[in-house]
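Mind having a look at this structure? Questions to follow.
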Amino acid sequence: MRGFETGQTVVRRDVHRSGRVWSEQALRVVADTGEALVTACAPGAQARWPALYAQARAEGDRSVRTEAFDAMAAGRWELAGGVWQETDLLLWKPPTAWFSINAFYVPDGDGRRLRNWYVNFEHPTRRTTAGFDTLDLTVDLVVTPDLTRWEWKDEDEYAHVRRLGIVSDSEHQAVDAARGEVLAMLAERSGIFAQAERWAAWRWEPAWPTPCLPRPTAAAERVATEGG
């Protein structure tokens, strides 16, 4: 499949093993190389999330997030429209990795500054004609801008999705290996962390319109066999 052009809108989808779309997010392409697909979004970018997950975001209620995972395990959820808020996001996704590395930027005077790095453990990329598919596996690693300190996030939710069978034993083994890979990258300042200063200085291109999702259709709720 042909690579994406810089500035092109792509859609990241989280896809459940049933083939149903769990979430989708509109992004713009920063770079598409053999090493990684780098994408970004800014406040106002369109997204669609499970209704319970959207409720949890709006209310800051983690118990509702647990309900959302219960709904995922049962295969019963509806998607609700939403928008990305507050931060600029840069997302670095190696094609075969069980993680993506994200950078969040927040307002700082008249500009923006890097708030933190955020490692999302997820399925390897599956390219589509419109973007790429993956599946967030819940556990995350939050890293300070200078790469000197980090902490694990959502271990409780990860244990819950393990109990529910959302994350299988083989996926759990892949996540464990990916944890070690990311910690080694941090220690060695390799991968994207070898260019940490460059990416810390990245800013959203003002000429880019806010990313929008394609108009939803019933067919979009289930993934066809496409891409690679």
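Under a 1.4 Å probe, what is the accessible area of the stretch 136-187 per residue, stated in Å²?
I get 48 Å² per residue for the stretch 136-187.
Moving on to the next point. Ranked highest first by average number of other Cβ atoms within 10 Å, how do 33-41, 177-185 line up?
Output ranking for 33-41, 177-185: 33-41, 177-185.
Counting each DSSP H run of 4 or more residues in the chain as -39500 (n - 2.57), what helix-only mean residue ellipticity at 222 nm follows after dividing by all residues, to the nearest 500 deg cm²/dmol?
-7500 deg cm²/dmol
Charges only on Cβ, +1 for Lys and Arg, -1 for Asp and Glu: so what's the dipole of the stretch 79-228 about the Cα centre, in debye to the nearest 20?
In debye, rounded to 20, the stretch 79-228 gives about 360.
Continuing with this model, one more query. Once ligands and nucleic acids are excluded and a 1.4 Å probe is used, how much of His123 is accessible, expressed in Å² to the nearest 10?
About 50 Å², rounded to the nearest 10.
Which three lengths, in whole Å and largest first, does the chain cover when its Cα atoms are put on their principal axes?
Sorted largest first, the three principal extents are 44, 38, 37 Å.
Next up: Please sort by residue number the GluC sites (Glu not before Pro) in the stretch 37-84 whose DSSP state is loop and whose Cβ has at most 13 other Cβ atoms within 10 Å.
Glu78
Per residue, how big is the convex hull around the C-alpha atoms of the stretch 115-162? Give it to me in cubic angstrom, could you?
99 Å³
Then there's this: Of all trypsin sites (Lys or Arg not before Pro) in the stretch 11-87, which ones are in loop regions per DSSP and have a Cβ with at most 13 other Cβ atoms within 10 Å?
On the way: sites: Arg12, Arg13, Arg17, Arg20, Arg28, Arg48, Arg57, Arg62, Arg65, Arg76; in loops: Arg17, Arg76.
Of the trypsin sites (Lys or Arg not before Pro), the ones in loops of the stretch 11-87 whose Cβ has at most 13 other Cβ atoms within 10 Å are Arg17, Arg76.
Identify, among Ala74, Gln46, Trp117, the residue whose Cα sits farthest towards the positive end of the charge dipole of the stretch 36-124, taking +1 on the Cβ of Lys and Arg and -1 on the Cβ of Asp and Glu, with the dipole about the Cα centre.
Sorting the options by dipole projection puts first Trp117.
For a quick size check, give me the Cα extents of the stretch 1-82 along its three principal axes, largest first, whole Å.
39, 29, 19
Testing the spin-label approximation: label points 7 Å from Cα along Cα→Cβ at Glu197 and Asn116. State their distance in nm.
The answer from the label model is 2.5 nm.
The values are calculated or read from the model by the stated rules, or taken from the named source; none is laboratory data. These numbers were taken from a predicted model, which means no experiment stands behind them. With ideal geometry, Cβ positions are generated from the backbone for all residues, glycine too; neighbour counts draw on all protein chains shown. Please note that ligands, DNA and RNA were not included when accessible areas were found on the heavy atoms of the full protein model with its side chains. Shrake-Rupley method; radii C 1.70, N 1.55, O 1.52, S 1.80 Å.
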